[in-house]
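S.K.: Sending over a structure as structure tokens; questions will come in a sec.
The values are calculated or read from the model by the stated rules, or taken from the named source; none is laboratory data. On a predicted model such as this, the values are computed, not experimentally measured, just so you know. Cβ placement follows ideal geometry from the backbone for every residue including glycine, while neighbour counts extend to all protein chains displayed.
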Amino acid sequence: MHDHAIDLIAAQDAGTEAALLALNNAHAEETSFLTIDAWRTLIEAAYAATCIGGAAALLIAFDDQAVYDGVNFQWFRSRWKNFVYVDRVIVADSHRGRGVARALYDELFRRMVASGHTTLTCEVNINPPNPGSDVFHARLGFNEVGRAELPDRGKEVRYLVKDLT
């Protein structure tokens with residue numbers, strides 16, 4: 001069990017919201033750069049938008065019914081039903097190795113089981129490489145189900161799935 005307090009991003013004060021957006025944008029190569037308006041739209045559409053320790057870490061995920069046009073989300077939507085897609089999980093450098101990403105995922109697993117969702121999906125960059133994310137998702141039991149080149153973003157990704165049944 002984790003002792004990390006998990007909060008809703010939408011419930012944060014303006015200063016913490018700004019710090020979370022800054023954390024996101026510091027990792028735009030792995031995820032994507034967002035303006036404040038795009039950030040708020042993402043949070044409003046999310047199935048889960050959670051954080052730990054103010055701006056120590058964040059997780060944003062969408063379920064299969066979300067109004068979201070992300071290319072990776074759409075890849076999963078065309079192939080799966082009853083899924084949740086992790087759009088981004090980011091841990092501040094100063095909090096890595098402390099179990100915060102695992103705590104965010106464990107909370108997401110609990111929520112998914114309670115709401116009847118059976119499949120968790122995500123993508124991890126191959127190019128540019130993201131070896132920390134590869135190791136993390138492998139430890140959680142994710143399996144690769146596809147790959148895609150995203151030349152408009154200068155990325156290649158691996159699509160991963162974890163069955164919760």
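S.K.: Output the number of residues of the range 13-45 satisfying the condition of being in contact with a strand residue (DSSP E or B) (Cβ under 7 Å, 6 or more places away or on another chain) and over 30 Å from residue 150 (Cα atoms).
M.R.: Final tally of qualifying residues: 0.
S.K.: Something else: For the range 31-45, what are the residues that are free of Cβ contacts under 8 Å to residues at least 40 places away in the same chain and in a helix (DSSP H, G or I)?
M.R.: Matches in the range 31-45: 36, 37, 38, 39, 40, 41, 43, 44, 45.
S.K.: Just need a number here: residues in the range 40-55 that are in contact with a helix residue (DSSP H, G or I) (Cβ under 9 Å, 6 or more places away or on another chain), surrounded by fewer than 20 Cβ atoms within 10 Å (Cβ to Cβ) and of a type in the set (A, V, I, L, M, F, W, C).
M.R.: Matching residues across the range 40-55 total 1.
S.K.: Same structure, new question: Within the range 131-165, which residues are part of a loop (DSSP other than H, G, I, E, B) and either aliphatic (A, V, I, L, M) or at pLDDT 95 or above (or both)?
M.R.: Within the range 131-165, 140, 141, 142, 164 meet the criteria.
S.K.: Within the range 98-110, how many residues turn out to be of a type outside the set (A, V, I, L, M), in contact with a strand residue (DSSP E or B) (Cβ under 9 Å, 6 or more places away or on another chain) and farther than 14 Å from residue 120 by Cβ?
M.R.: Residues in the range 98-110 being of a type outside the set (A, V, I, L, M), in contact with a strand residue (DSSP E or B) (Cβ under 9 Å, 6 or more places away or on another chain) and farther than 14 Å from residue 120 by Cβ: 1 in total.
S.K.: Okay, next question. For the range 76-106, how many residues are among the hydroxyl-bearing types (Ser, Thr, Tyr) and surrounded by 17 or more Cβ atoms within 10 Å (Cβ to Cβ)?
M.R.: Residues meeting the conditions: 2.
S.K.: Now, a different point. Please pick out the residue among 66, 55, 48 that is among the small types (Gly, Ala, Ser), within 27 Å of residue 145 (Cβ to Cβ) and either at pLDDT below 95 or under 13 Å from the mean Cα position of the chain (by Cα) (or both).
M.R.: 48
S.K.: So if I check each of 22, 11, 26, 61, which one is among the small types (Gly, Ala, Ser) and within 21 Å of residue 161 (Cα to Cα)?
M.R.: When all the criteria are applied, what remains is 61.
S.K.: Somewhere in the range 144-153, is a residue more than 15 Å from residue 101 (Cα to Cα) and under 16 Å from the mean Cα position of the chain (by Cα)?
M.R.: There is no residue in the range 144-153 that is more than 15 Å from residue 101 (Cα to Cα) and under 16 Å from the mean Cα position of the chain (by Cα).
S.K.: Continuing with this model, one more query. Just one of 26, 61 is under 11 Å from the mean Cα position of the chain (by Cα), within 26 Å of residue 152 (Cα to Cα) and not β-branched (Val, Ile, Thr); which is it?
M.R.: Just a single option satisfies the conditions, and that option is 61.
S.K.: Separate question: Restricting attention to strands (runs of 3 or more DSSP E) lying wholly within the range 46-120, give those where 1 or more residues are closer than 24 Å to residue 12 by Cβ and acidic (Asp, Glu).
M.R.: In the range 46-120, the matching strands (runs of 3 or more DSSP E) lie at 57-63, 83-91.
S.K.: Next up: With the requirement that a residue be among the hydroxyl-bearing types (Ser, Thr, Tyr) and over 11 Å from the mean Cα position of the chain (by Cα), what does the range 69-113 give you?
M.R.: 78, 94
S.K.: It is to be established whether one or more residues within the range 62-72 are closer than 16 Å to residue 24 by Cα, in contact (Cβ under 8 Å) with a residue 60 or more places away in the chain and surrounded by 13 or more Cβ atoms within 10 Å (Cβ to Cβ).
M.R.: Checked the range 62-72: no residue is closer than 16 Å to residue 24 by Cα, in contact (Cβ under 8 Å) with a residue 60 or more places away in the chain and surrounded by 13 or more Cβ atoms within 10 Å (Cβ to Cβ).
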